1. If you take the Cα atoms of region 81-146, find Rg, then find the Kirkwood Rh from the mean of 1/r over all pairs, what is Rg/Rh?
2. I'd like the Kirkwood hydrodynamic radius of region 14-161, using the inverse of the mean 1/r over distinct C-alpha pairs, in Å.
3. Rounded to the nearest 20 debye, what is the charge dipole size of the chain about its Cα centre when +1 sits on each Lys and Arg Cβ and -1 on each Asp and Glu Cβ?
4. For labels at residue 163 and residue 149 in the simple 7 Å Cα→Cβ model, what's the distance in nm?
5. So between residue 95 and residue 61, what do we pick up on full extension, going 0.36 nm a residue minus the alpha carbon distance?
6. List the residues of region 74-93 whose backbone N lies under 13 Å from a point placed 7 Å from the Cα of residue 43 along the Cα-to-Cβ direction.
7. Any idea what the dipole of region 71-163 comes to, in debye rounded to 20, about its Cα centre with Lys/Arg Cβ at +1 and Asp/Glu Cβ at -1?
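Derivation of every value follows stated rules applied to the coordinates shown; laboratory data play no part. These numbers were taken from a predicted model, which means no experiment stands behind them. Every residue, glycine as well, gets a Cβ built from its backbone with ideal geometry; the counts of neighbours run over all protein chains shown.
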Amino acid sequence: MALSKIPRDMNIDPGTVVQSAVWRISPISKSTSGSWAVSTTPTISNTYTVEQYTFTKKYSNSSVVLQASGHVDMSDAGSGRPSIVCLHLTSPETLIASGYRHMRYNNDEPFVYTFAGEDTTTGLSKTYRLGCHSSGGPFFFSRTASGTFSNVPFTITLMEIAS
């Protein structure tokens, strides 16, 4: 199967947004076990899956810029818990971006994690994975520890950019 490339006769300037999508993380509680340290590089095998999302590019040689931003609450973090939220391309496994916090507040005091990265690999179908890990109690994405509220979303914006 031939991969689609941006035809030069279409006059699409490099840097042009070809398409975009918003990935909304469903309200979820995600338990983690073990420990986490700031010096640890997040991989698929040492983080926990929150959700996955498949994005189909229009052109093989374009890139995808991903911007993650949203509320994450945590339980049992009162004494401080090293915590990471990360985005991976699943195949080939590539760390796109991550956000680290040393969580000290918990239970209805969510913090915003904001980070961005770029996927420059070729190909059309891309599966991205939002992951997390902590040295403490569960993460709460798009919600608080005590319940689900629409005012604490976690979203990832994906933009295909012409090369």
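1. Taking Rh as the inverse mean 1/r over Cα pairs, Rg/Rh reads 1.05.
2. 15.6
3. 140
4. Distance between label points: 4.5 nm.
5. My answer for the length gained is 10.3 nm.
6. Only 93 fall inside the zone, counting backbone N under 13 Å.
7. 120
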